[in-house]
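Values quoted throughout were computed directly from the atomic coordinates according to the rules given, and no laboratory measurement underlies them. It should be emphasised that the depicted structure is a prediction, and the values quoted were computed from it without experimental measurement. Here the Cβ positions follow ideal geometry from the backbone for every residue, glycine too, while neighbour counts run over all protein chains shown.
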Amino acid sequence: MIKAALKSQAIETPSWAYGNSGTRFKVFAQPGVPRTPWEKLDDAAQVHAATGVAPSVALHIPWDKVDDYAALSAYAKERGLRLGAINANVFQEDDYKLGSVTNPDPAVRRKALGHLLECVDIMDATGSKDLKLWFSDGTNYPGQDDIAARQDRLAEALSAVYERLGDGQRMLLEYKLFEPAFYTMDVPDWGTAYAHCLRLGEKAQVVVDTGHHAPGTNIEFIVALLLREKKLGGFDFNSRFYADDDLMVGAADPFQLFRIMYEVVRGGGFVPDIAFMLDQCHNIEAKIPAIIRSVMNVQEATAKALLVDREALGAAQASGDVLDANAVLMDAYNTDVRPLLAEVREEMGLDPDPVAAYRRTGWAEKIAAERVGGDQMGWGA
Ligand code: PSV
Ligand code: MN
Ligand code: MN
């Protein structure tokens with residue numbers, strides 16, 4: 001039962017994690033990074049081959065702009081992959097200085113909406129189910145713009161996009177506390193995202209990026225609540241020590257990841273409807289092995305969450321035994337699930353050690369030799 005669940009888990013990797021990235025201070029280019037979206041898929045195929053549970057790749061438009069998206073989708077399929085969420089990008093053009101869909105200028109708003117609608121056209125071509133929307137929109141100074149009017153503009157754009165969604169397509173709205181705007185973000189928190197999604201209808205759901213909260217925020221509470229309201233669309237997994245660090249998921253706080261995954265399991269969210277996506281950047285570590293490690297970290301947290309003795313936990317909770325209830329949860333967290341996952345991998349016909357398996361392929365040496373002039377894409381670009 002636990003093994004079957006682990007075998008069925010699908011973790012989506014982000015195209016931009018394969019490209020060069022960095023901070024505003026420096027991008028450290030790595031040898032062999034992909035020069036095109038096609039090469040990013042080649043790398044993603046390596047991650048899937050090593051782990052068996054990373055069958056889809058999220059695209060970011062226009063970072064992954066190509067002439068023929070159906071051809072890109074076919075290329076993915078030939079490699080045992082599929083194209084996942086389409087991430088819209090309305091944050092990198094000069095026009096968006098004062099916002100995209102919430103900009104005070106109607107012409108800029110029209111332009112931003114045009115891009116969002118174009119992303120739905122791309123979904124039609126790729127067969128992607130999810131449109132992921134993150135807006136950098138916000139203000140830096142009190143009085144800069146009318147906070148409530150910006151919400152009206154946001155609602156108007158979201159509703160136009162919502163109307164355009166086809167059958168089986170969803171809109172995932174992502175929130176973020178701050179950055180790049182420093183006074184107000186137009187979608188700063190889950191409550192704002194939830195309120196918009198609630199008005200829009202059932203095809204609109206909230207996406208939780210684990211790096212987008214104030215320090216100390218109880219993310220698993222948000223997960224539990226959104227699941228209960230049937231408004232949890234998925235995750236952008238990564239980890240952070242300070243702000244939106246985009247480090248490998250499970251690196252900074254594996255216990256938090258376990259607590260989140262427990263709420264997912266508990267809330268019945270371990271189903272294809274919840275998108276388990278990574279949103280990370282590997283600025284100083286080798287990218288493909290880092291992505292493999294991240295996938296493994298999600299698997300480990302999931303395995304521990306699945307191991308929680310729900311019956312014993314329920315009994316302890318019902319009898320008000322605080323210590324026993326906590327002990328049941330901690331027992332699962334403190335279990336070494338690596339042997340279980342090694343078995344799962346062997347049963348899937350995989351090497352029990354995905355990073356070692358990848359290293360043996362010689363792929364890293366091959367791309368370093370063949371790919372000259374790798375592109376700089378993703379955060380920090
Ligand atoms: C914004 O910080 C974000 O988390 C959004 O998901 C963007 O699409 C992504 O990062 C870009 O890396
Ligand atoms: Mn994100
Ligand atoms: Mn982010």
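Within a Cβ distance under 14 Å of Met261, other residues only, what is the Lys/Arg minus Asp/Glu net charge?
So the surrounding residues net to 0.
Using amide H atoms built 1.01 Å from N in the peptide plane, name the residues 5+ places from Glu12, or on other chains, whose amide H lies under 5 Å from its own.
The answer is Phe276, Met277, Leu278.
Under the Karplus relation 6.51 cos²θ - 1.76 cosθ + 1.60, θ = phi - 60°, what is the ordered set of whole-Hz ³J(HN,Hα) values for segment 221-236, x standing for Gly and Pro?
5, 4, 4, 4, 5, 5, 4, 4, 8, 6, 10, 8, x, x, 10, 9
Separation between the Ala327 and Ala214 pseudo-spin-labels, each 7 Å from Cα along Cα→Cβ, expressed in nm?
That separation, rounded to one decimal, is 3.6 nm.
Determine the gain in length on full extension of the stretch Ala4-Arg35; use 0.36 nm per residue of separation and subtract their C-alpha separation, reporting nm with one decimal.
Stretched out fully, the Ala4 to Arg35 stretch lengthens by 7.5 nm.
What is the set of long-range amide H partners of Ala204 at a cut-off below 5 Å, with H atoms built 1.01 Å from backbone N?
Residues meeting the amide H criterion: Met171.
Between Asp273 and Asp353, what FRET efficiency comes out of the Förster formula 1/(1 + (r/R0)^6) with R0 = 35 Å and r the beta carbon distance, rounded to 0.05?
That gives a FRET efficiency of 0.65.
Work out, step by step, the length gained on full extension between Glu156 and Phe91: first 0.36 nm times the residue separation, then minus their alpha carbon distance; give nm to one decimal.
Computed gain between Glu156 and Phe91 is 21.6 nm.
Report the full-extension gain for the segment Ala369 to Thr335: residue separation times 0.36 nm, less the Cα-Cα distance, to one decimal in nm. The partial results should precede the final answer.
Numbers: separation 34, 0.36 × 34 = 12.24 nm, distance 4.17 nm.
8.1 nm is the gain from fully extending Ala369 to Thr335.
Looking at the square roots a ≥ b ≥ c of the eigenvalues of the Cα gyration tensor of segment 7-76, which shape do they give, rounded for a/c under 1.5, prolate if a/b is larger than b/c, or oblate?
Oblate is the answer for segment 7-76, as a/c is 1.5 or above yet b/c matches or exceeds a/b.
Which of the GluC sites (Glu not before Pro) found in segment 32-106 are loop residues per DSSP with 15 or fewer other Cβ atoms within 10 Å of their Cβ?
Passing sites in segment 32-106 are Glu93.
Per-residue HN-Hα couplings for segment 99-109, Karplus 6.51 cos²θ - 1.76 cosθ + 1.60 at θ = phi - 60°, whole Hz, x for Gly and Pro?
Those phi angles translate into x, 10, 6, 10, 4, x, 8, x, 5, 5, 4 Hz.
Listed here are the pairs Lys40/Lys111; Lys3/Lys203; Lys132/Lys230; Lys111/Lys231; Lys176/Lys231; Lys129/Lys231; which of them are more than 26 Å apart at the Cα?
Lys40/Lys111; Lys3/Lys203; Lys111/Lys231
Given the rule -39500 (n - 2.57) for each run of at least 4 DSSP H residues, summed and divided by the residues of the chain, what is its mean residue ellipticity at 222 nm, to the nearest 500 deg cm²/dmol?
Helix-only estimate at 222 nm: -14000 deg cm²/dmol.
Compute the signed sum of charges (Lys and Arg +1, Asp and Glu -1) over the other residues within less than 12 Å, Cβ to Cβ, of Asp353.
Net charge in that neighbourhood comes out at +3.
Of the chain, which part is the longest with no chymotrypsin sites (Phe, Trp or Tyr not before Pro) in a loop (DSSP not H, G, I, E, B) and with at most 15 other C-beta atoms within 10 angstrom?
Free of exposed loop sites, the longest segment is 243-381.
Ratio of alpha-carbon Rg to the 2.2 N^0.38 Å globular estimate for the chain, to two decimals, please. Mind dumping the intermediate values first?
Working: Rg = 20.7 Å, N = 381, 2.2 N^0.38 = 21.0 Å.
Normalised Rg, Cα atoms only: 0.98.
May I ask for the net charge around His60, where only other residues with Cβ less than 11 Å from the Cβ of His60 are counted and Lys, Arg are +1 while Asp, Glu are -1?
Charge balance near His60 sits at +1.
Convert each backbone phi in segment 265-279 into a coupling constant with the Karplus relation 6.51 cos²θ - 1.76 cosθ + 1.60 (shift: θ = phi - 60°), then list the ³J(HN,Hα) values in order as whole Hz, x for Gly and Pro.
4, 4, x, x, x, 8, 9, x, 5, 9, 8, 9, 10, 9, 9
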